[in-house]
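For reference, the structure discussed in these notes is given below.
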Amino acid sequence: MSTGIKWQKSSFSGAGGEQCVEIAAQADAILIRESDAPDVTARANRVGFAAFLAGVKTGRFGS
């Protein structure tokens, strides 16, 4: 599934980059994966991804 997809790593990746989130934009979706499990990909539409990012920024998913 990830063949030909241009992934972008999070700016919060560790120095080695092993523990990070990567995203890729497609015409109809945003793809999300963890760099240590690249074969597992989540897919969201742009509205859903924007809502997810807003929740992350406000701490909705943190402890």
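The values are calculated or read from the model by the stated rules, or taken from the named source; none is laboratory data. Bear in mind the structure is a predicted one, so any value in this text is a computation, not a measurement. Here the Cβ positions follow ideal geometry from the backbone for every residue, glycine too, while neighbour counts run over all protein chains shown.
Observations, loosely collected:
- Residues in region 1-18 that are at pLDDT 70 or above and assigned to a loop (DSSP other than H, G, I, E, B) were compared, and the one that is surrounded by the most Cβ atoms within 10 Å (Cβ to Cβ) is W7.
- Scanning region 27-47 for residues that are surrounded by 11 or more Cβ atoms within 10 Å (Cβ to Cβ) and either of a type outside the set (A, V, I, L, M, F, W, C) or at pLDDT below 90 (or both) yields a total of 8.
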